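Engineer: First the structure, then my questions, so here it is.
Bear in mind these aren't lab numbers, they're just calculated from the coordinates by the rules spelled out. Treat the numbers as computed from the prediction; the structure is a model and nothing was measured. A quick note on method: Cβ atoms are made from the backbone with ideal geometry, for glycine too, and the neighbour counts reach across all protein chains shown.
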Amino acid sequence: MPIMRLNHAVLYVRDADLSAAFYERVLGFTRLDLGGMKGAAFMRAPGSTNDHDLGLFSIGEGAGPTTAGRSSVGLYHLAWEVDTLDELERLAGVLSTNGALVGASDHGTTKALYAHDPDGLEFEVSWLVPADLITDDATAAKSTIRPLDIAQEKARYGGSTRGGVGVSVPT
């Protein structure tokens, strides 16, 4: 049987409580009570039915910065998917207000925001063009990265169009 999807991610962070508060504030995750492990936090994404989507484990304030991709191997980022471009636009504002937004890219069939959490770990928030709206132009654009213009994408696809249908979401 093939792998279906990522169920959850676990990150080592300096302070699980600080990171949990960040993910609650900027992405709307809910902190769960899964037995009260000291130095750990378990989070569920809005709309998820998972036991948890994100686990955070404290390793202390003395932890050095991540060097993944610069001088060591490691995870580049996690990508969280949103249903609509309206939600992507809202999160762009929240991430910006919280000083976390570091980039916004148009990958043709994927519209993506990039941000850093309190430890500098990168994550992506993306909206995927539904399969029935993917054009040859969008497919060709997958090989290039352009700046994201959310207003332009909303004019093209609609702010409330459900993303990922037929791609990451079953039809």
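Engineer: State log₁₀ I(q)/I(0) for segment 85-147 at q = 0.14, 0.17, 0.29 Å⁻¹ as given by the Debye formula over alpha-carbon point scatterers of equal weight, solvent excluded.
Structural biologist: -0.43, -0.60, -1.18
Engineer: What's log10 of I(q)/I(0) for segment 1-90 at q = 0.10 Å⁻¹, Debye sum over Cα points only, no solvent?
Structural biologist: Ignoring solvent entirely, the Cα scatterers give -0.31.
Engineer: For segment 9-58, divide the Cα radius of gyration by the Kirkwood radius and give the resulting Rg/Rh value with two decimals.
Structural biologist: Here the Rg-to-Rh quotient is 0.92.
Engineer: Can I ask one more? Using the Kirkwood radius over C-alpha pairs as Rh, can you work out the diffusion coefficient of the chain via Stokes-Einstein at 37 °C, viscosity 0.692 mPa s, in µm² per second?
Structural biologist: Calculated translational D: 191 µm²/s.
Engineer: Going Cα to Cα from residue 111, which lysines come in below 25 Å? Please leave out same-chain ones fewer than 8 positions away.
Structural biologist: Of all the lysines, those that pass the test against residue 111 - Cα under 25 Å, at least 8 places apart if same chain - are 142, 154.
Engineer: Using Cα springs under 10 Å in a Gaussian network model of the chain, which residue among 118, 130, 65 shows the largest mean-square fluctuation?
Structural biologist: Its mean-square fluctuation being the largest, the pick is 65.
Engineer: If each residue of separation counts as 0.36 nm, what is the full-extension length gain between residue 132 and residue 49 once their alpha-carbon separation is subtracted?
Structural biologist: Gain on extension, residue 132 to residue 49, equals 27.2 nm.
Engineer: By how many nm would the segment from residue 169 to residue 61 lengthen if fully extended, with 0.36 nm per residue of separation less the alpha-carbon distance?
Structural biologist: Fully extending the segment from residue 169 to residue 61 adds 35.0 nm.
Engineer: Local charge sum around residue 115 (other residues, Cβ-Cβ under 9 Å, Lys/Arg +1, Asp/Glu -1)?
Structural biologist: -3
Engineer: Ok, one more. How long is the gain from residue 105 to residue 10 if the chain were fully straight, where each residue apart is worth 0.36 nm and the alpha carbon distance is subtracted?
Structural biologist: Length gained between residue 105 and residue 10: 31.7 nm.
Engineer: Distance between the C-alpha centers of segment 8-41 and segment 93-171? Whole Å please.
Structural biologist: 25 Å
Engineer: Rounded to the nearest 0.05, what FRET efficiency do residue 33 and residue 79 give with R0 = 45 Å and r taken as the Cβ-Cβ distance? Could you check?
Structural biologist: Efficiency at R0 = 45 Å is approximately 0.95.
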